[in-house]
Each structure stands twice: as C-alpha cells, then as structure tokens.
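Enquirer: So that we are looking at the same thing, I have put the structure below in structure tokens.
The values are calculated or read from the model by the stated rules, or taken from the named source; none is laboratory data. For clarity, every value in this text was computed on a predicted model and none was experimentally measured. Cβ sites come from the backbone with ideal geometry, for glycine too, and all protein chains shown count toward neighbours.
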Amino acid sequence: MTGGEGDGALLELRGISKQFGAVQALTDVDFSVRRGEVVALVGDNGAGKSTLVKVIEGVGPANAGEIRFAGRLARIADPHDATALGIATVYQDLALCDNLDVAGNLFLGREERRRGLAGAVGWLHEVGMERRATDLLWTLSVRLPSVRTPVASLSGGQRQSVAIARSLIGEPRVVLLDEPTAALGVAQTAQVLDLIRRLRDRGLGVVVISHNLADVFAVADRIVVLRLGRNAGEFDVAGTTREQVVAAITGAADADAAATDVGPAGVGS
Amino acid sequence: MTTSVERDPRLTGDEGVRGHLGAFRRRVTGGELGALPVVIGLVVICLYLQTQNDRFLLPGNVTNLILQVAAVGTISVGVVLVLLLGEIDLSVAAVSGLTSAVMAVLAVHGVHPVVAVLAALVLGAAIGAFQGFMFAVTSVPSFVVTLAGLIAWQGVLLQVLGSTGTVNLPFGTGVSRLVYTFFGDVVGYLLAAAVVAVFVLQALGSRRQRRAAGLEASSPLVIGVRAALLAVGVFFLAYWLNRDRGVPLALVIFVGLVVVFDLVTRHTAYGRHIFAVGGNPEAAWRAGINVTAVRISVFVLAGTMAAAGGVLAAARLTAVNQSTGGGDLLLNAIAAAVIGGTSLFGGRGSAYSALLGVLVIGSISNGLDLLNKSSAVKFMITGAVLLVAATIDALARRGRQARGRA
C-alpha cells in the first residue's frame, strides 16, 4: 500500500528518523500521499504526528531517511524548500491577520504588484488580487460577503476556509492541514470537510492531521497511524472499522497482531 | 442602471449612493468606526469655540492654528506608523528637539539651510534606525528603548546647545521660510484645484480598472458627490486662507506628508506588511514577511518624521532652546494619533488620524487661549478628550470581537 514508484506517489518519505537529544521522536517512519488523495495522519498525543509534519514542512528536518517529491529525491532543509517544491501548510492557529481583509490575507507575503514604475515602488495591484481572490473562493465554493471583509468578522469555519484557500495561492501540489476541524462546530466542520474534498478533486495531495476519527473517516481515503514514533498501521478507509484504527492508535493491536492479523504494518516489537 | 459591461453576478451591488450608505452603516455598526468619531468631535469642538469667541474661525486665527499644529502633526504621522505596528515611540519629541538643534547650530554656522535640514532628517533617521534595531533585533521592548531615548536625546540636546542654551534663527530667511511662506490668491486656488483633479483622476482610473475586471466599482454619481464635497472644502479653505496671507507652505508640507503616508500604508506592499506585522507578527513572519526589517524601517520613518516636525517647529519659533522638544509635545503627538482614530492595539489606523487628531488638540488649545483660559484647563480638557478617544477605540474593538464571533 505504501505507494510504489509506479502509482505516482507525489510525496514519499522513507525511513524517516528524528531525535531530539536523547529522545527518539521518529523511528524509521514511512509515509506517502498521491495526487488526488486525502491521507489522514492520526495517533495519540506524542505519537510523532507533529514531528513528522515538521519534517515535511521543513521546520524540523529529519536526521535520517529520504524524501521523494514526484519521484525525485528532494531535500527539505527549511520551510522555503518545502514551499518551492509545492508543499503548503495550513497551521492549526490559521496564522491570519484579523485586521486585514480576506484578499489581503490570501495574498499576504506574495502581493501582486502593478507593472512598471508603480510596481517598482511596491504599488499593489489591488484589482488583480481582488479578482483572483474572488475567483479562487468561488471555485472552492467558499461563500463570503466580499473579499474586502475583514477576517476578524468571519466565523470560525469561514476563517478556516480562508486559511485553506490561502495555501492554494502559491499553487502547491501537496497541502498539509493541521487539525482543520478542531475548533469548529458541526455545520462549520461539514463546510471544511467539503472544502478538503474539493482540494482532492483538484488533484492535490492532501494530508490531514486530526484527532477526530469521525472527521477522518468522513474525508480521508487512507489513514496512517503513528504510535510512539513508529508506523503503527495503515488502512484504506473503505473496509476499515473505527475499532481497528483505535486499536492501532492505542497499541491494543500489538497484542492481537500475531493472532488476528488486522493488517498493521511495520509495528516494531 | 444600464451597464455596457456585464457585471459579475456574485457581487453584492454596492455601487450606487444607496449601496455606499448601506456599506457605511454596516461598517459603523460592525465596529469599524474609522474617522467618524473624530470628525464629529472636531465639528462640535469648533462650533462650540466659535460660539464662545467669534474670532476663532476667522482667517487669521485659522492660519495661526495651522501653523501651530503643522509641526506636532508631522511628528504625529510618524507616531501613527509606529502605532500601526502595535509599538510606541516615546522619543519622538526629544528626537525632534535634538535634530532641530543640530539643524539650527549648522544653520547659524553658515551651512546652507537645505543642507542643515537634510542633516537633521538624516540624524532623525539614524536615531530611528538605532532604536528600531535595539527593539527589533535585540528584543528590548519599544517602550523601554524609546523611553531611554527620550531621556538620552534630551541630554544630547543640552550638550549640543552648549552654555548659552539658545540658538536663534534669522526670521524671514533660510529655514523660517518653511513656515512663513504663503501661497496667495491664484496659487492657493491652483493648489485646491490640483487636489480635486488628482482625486477625480484617481477615482475614475480605479473605477475603469475595477469594471474592466468585473468588480464592483463606485458609480459616477458617487465619485461626483465626493469630488464636489472635496472641492467645496478645499476651495473654501483656500478662499478663507487667502483672506489672510494665503495657503501656508507648512500646511502644504504637512498635508502632503499625510497624503503620501496614507498612500504608502494603503496601496503598497510595504504598507500592507506594516499592517500585517501590527495585526499578527507571527502570521506575517510565516507568510515570508521580513518582520525585523519592517519594524526597523518604521522606526526610521518615525525618527525622520520627528526630525521634520522639529525643523518645522524651529522654523515657526525661529529659535531652538533647551526646552525645545520638551513640554507637552510628546504627549500631543501621541494623543493626536490616538484621538484621530489610530488604535493603540496595532494594525488599525490611518495617516489621516494625525491630521484630524492634531486639529482637535490644536483647536482646543488655540480656542482656550482665545478665551484666556489657563494651561491647567487646557491640559484637563485635552486629557479628557484623549480618554474619550481611547475609550471609543476600546469599545469599538469589543464591538468588532462581539460581531466577529457571530
């Protein structure tokens, strides 16, 4: 199941290990995501989810292991490398500027400038950005009164949607979402899950880090479980029960593994 | 309305006058008060002072008022920028005093006035760079860095002025012409016409672009109404000032700086980054903005504007002495920015708040002088107005938060 070269794994990590001093945070972890696939990364607190995500986004590079992007060996030493490859991250705290409007946030740090002299002094191409922002939100079916609305006046789900839309401005190929539904109500969660499906339909590789198994089963195609810094199982959502995933997360599967062979691969013993 | 270009069906349709009024109401009830409270306050204050002393709004006194506020207002523009970052610069008045002293000393030693003024501006920028570096790189809070600056630069001022303690500038020539130059008659009206023309051209250009892109744009009627209001305002001001000596150069400099910084903050990537750093530095940093550079550069601008204000103040008084840059200058410069509607919490405000705020403070001070009130009364009233302005800011912020979590 761990995406071979042939079936077009977009992002593939093999044998990733990471230590913090004496602590072995990740041991020989494999992970991959394909085009048009939503992969959920789950695990208990301290299982190594965040550490693995930091490896992918270049915030905390691995000590060992190899990363391939679109089949080619890649080096992700800092966030800039990740962005250059086409990996975008939506942080749990969204990292939005409340005082700026939606368009301002979408283009923050990569504002479009006018051509010619005006552009040379940094004059903004407001019309172009407003147009692109409106179009982008429209194709994502994100409903907002106007892209000139200050982000402060949006609901939690709308803010999450804006944060996700922003990650698409740089036209990435892989999007990492850190706990995208953690702070949302039922209706807003549905909204964001819809948006995640639309990212998949656009052919992006989507990685969702989540604690919420209901959301994971609702949106993911594949579930990768980490436990104590190691791969503790990998499941196709179709034909998997929540109990199997919970067992892999908690380690209850270890005890049963020999007997029932539920399928967790690479469990260290 | 008949339109040749097909409009995007997704737009809310705020194009006409009614749409504009509706959008305005939504903003105000949503806690985006902008300049509304201060404009109302300014009108009320002026009308009240006029009823108490009918000389208040006469051309001669309006000219005086403008000359009085231009220097503080210029310093306050720099304070606005620092407040947008969510920081504070307590050293601006001391910097204005020191730089104007350096300018005066150079000028009386035969240095060309232009060179002397440039030297003051460069010194202000250098001081700003130093303080910005201390804050942004070594992470000393801006409050402390600039408080240290406030004290230290005053000391340097005394050192520069030497034993006599006062440097007099020649009246009517050199630096003093920055303030005591007036554009009478035709030139005054030409200035007013230029302001209106720039506004109309800019509005029409923006409308054409937005419609070409299929975005909502102001209707010609809205642009016309605004242009007419602006024209009535500036032409009347030019007429009124022409009845005295004309439009003062100090006003042109001050308002010109306000307009330039308003354009920079609202329409350039740099200005957007200032707002972003003031709103959420962490988010700005993650978005790839060089937060340190933005912070240092804003302190550089604040220092430069302080120097410019200091030069204007020295030009008006045609002297620099040991109390230059002291007194209530710092408090007025900060109070003007806040009264004008720039938030102390960072990320909200406008260069125009320096203009509006300084007019409020200047009007109170000037009007109470006309009424022969003491400094005691002036301070108390100015303090009360500042408190009201800060309260409005805090309440509006609460209003935004209340609505923001709908």
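Enquirer: With B:Ala276, B:Ala307 as the choices, which residue is under 30 Å from A:Ile169 (Cα atoms) and aliphatic (A, V, I, L, M)?
Expert: Testing whether each residue is under 30 Å from A:Ile169 (Cα atoms) and aliphatic (A, V, I, L, M) leaves just B:Ala276.
Enquirer: Right, something else. Hey, among the residues in region A:113-124 that are part of a loop (DSSP other than H, G, I, E, B) and in contact with a strand residue (DSSP E or B) (Cβ under 7 Å, 6 or more places away or on another chain), which one's nearest to the other protein chains (Cβ to nearest Cβ)?
Expert: Residue satisfying both the conditions and the ranking: A:Gly122.
Enquirer: Still on this structure, I have one more. Kindly provide the set of residues from region B:242-259 that are part of a helix (DSSP H, G or I) and touching a residue at least 40 places away in the same chain (Cβ under 8 Å), ordered by number.
Expert: B:Asn242, B:Leu249, B:Ala250, B:Leu251, B:Val252, B:Ile253, B:Phe254, B:Val255, B:Leu257, B:Val258, B:Val259
Enquirer: Looking only at region A:171-183, filter to residues that are surrounded by fewer than 21 Cβ atoms within 10 Å (Cβ to Cβ) and of a type in the set (A, V, I, L, M, F, W, C); which one of those is farthest from A:Gly156 (Cα to Cα)?
Expert: Checked region A:171-183; the qualifying residue farthest from A:Gly156 (Cα to Cα) is A:Ala182.
Enquirer: Oh, and also: So which of B:Ala307, B:Ala314 ends up being buried (at least 22 other Cβ atoms within 10 Å of the Cβ), in contact with a Gly (Cβ under 8 Å, 6 or more places away or on another chain) and assigned to a helix (DSSP H, G or I)?
Expert: Selected residue: B:Ala307, the only one of B:Ala307, B:Ala314 that is buried (at least 22 other Cβ atoms within 10 Å of the Cβ), in contact with a Gly (Cβ under 8 Å, 6 or more places away or on another chain) and assigned to a helix (DSSP H, G or I).
Enquirer: Something else: Could you tell me which of the residues B:Ile361, B:Ile274, B:Ile296 is surrounded by 24 or more Cβ atoms within 10 Å (Cβ to Cβ) and more than 12 Å from chain A (Cβ to nearest Cβ)?
Expert: Answer to the selection: B:Ile361.
Enquirer: Another question about this same structure. Which condition number in (1) within 10 Å of another protein chain (Cβ to nearest Cβ); (2) in contact (Cβ under 8 Å) with a residue 40 or more places away in the chain; (3) β-branched (Val, Ile, Thr); (4) touching a Leu at 6+ places or on another chain (Cβ under 7 Å) is the one that A:Val127 fails?
Expert: Of (1) within 10 Å of another protein chain (Cβ to nearest Cβ); (2) in contact (Cβ under 8 Å) with a residue 40 or more places away in the chain; (3) β-branched (Val, Ile, Thr); (4) touching a Leu at 6+ places or on another chain (Cβ under 7 Å), only one is false for A:Val127: (2).
Enquirer: Give the residues of region B:295-322 that are of a type outside the set (A, V, I, L, M, F, W, C) and either free of Cβ contacts under 8 Å to residues at least 12 places away in the same chain or touching a strand residue (DSSP E or B) at 6+ places or on another chain (Cβ under 7 Å) (or both), sorted by residue number.
Expert: B:Thr318, B:Asn321
Enquirer: Next question. Would you mind finding the one in B:Gly172, B:Gly155, B:Gly149 that is touching a helix residue (DSSP H, G or I) at 6+ places or on another chain (Cβ under 8 Å), not charged (D, E, K, R) and not in a strand (DSSP E or B)?
Expert: After applying the criteria, what remains is B:Gly149.
Enquirer: Something else now. Look at A:Ala165 and say whether it is among the small types (Gly, Ala, Ser), out of contact with any Gly (no Cβ under 7 Å at 6 or more places or on another chain) and modelled with pLDDT of 85 or more.
Expert: Yes: the conditions hold for A:Ala165.
Enquirer: List, please: which pairs have Cβ atoms under 7 Å, are six or more places apart or on different chains, and start with a residue in region B:186-215 that is within 14 Å of chain A (Cβ to nearest Cβ) and end with one that is surrounded by fewer than 18 Cβ atoms within 10 Å (Cβ to Cβ) and not in a helix (DSSP H, G or I)?
Expert: B:Arg211/B:Val5; B:Gly214/B:Arg7; B:Gly214/B:Asp8
Enquirer: Can you find, within region B:280-293, the residue that is farthest from A:Asp81 (Cα to Cα) among those that are of a type in the set (A, V, I, L, M) and more than 9 Å from chain A (Cβ to nearest Cβ)?
Expert: In this case the residue turns out to be B:Ala293.
Enquirer: Okay, moving on. So how many residues does region A:130-142 have that are surrounded by fewer than 17 Cβ atoms within 10 Å (Cβ to Cβ) and in contact with a Leu (Cβ under 8 Å, 6 or more places away or on another chain)?
Expert: Residues meeting the conditions: 1.
Enquirer: Are any residues in region A:134-151 in a loop (DSSP other than H, G, I, E, B), closer than 21 Å to A:Ala190 by Cβ and more than 9 Å from chain B (Cβ to nearest Cβ), and if so, which ones?
Expert: A:Leu140, A:Ser141, A:Val142, A:Arg143, A:Leu144
Enquirer: Pull up region A:88-111, narrow it to residues that are surrounded by fewer than 17 Cβ atoms within 10 Å (Cβ to Cβ) and facing chain B (nearest Cβ under 9 Å), then point me to the one that is farthest from B:Ser218 (Cα to Cα).
Expert: A:Asp93
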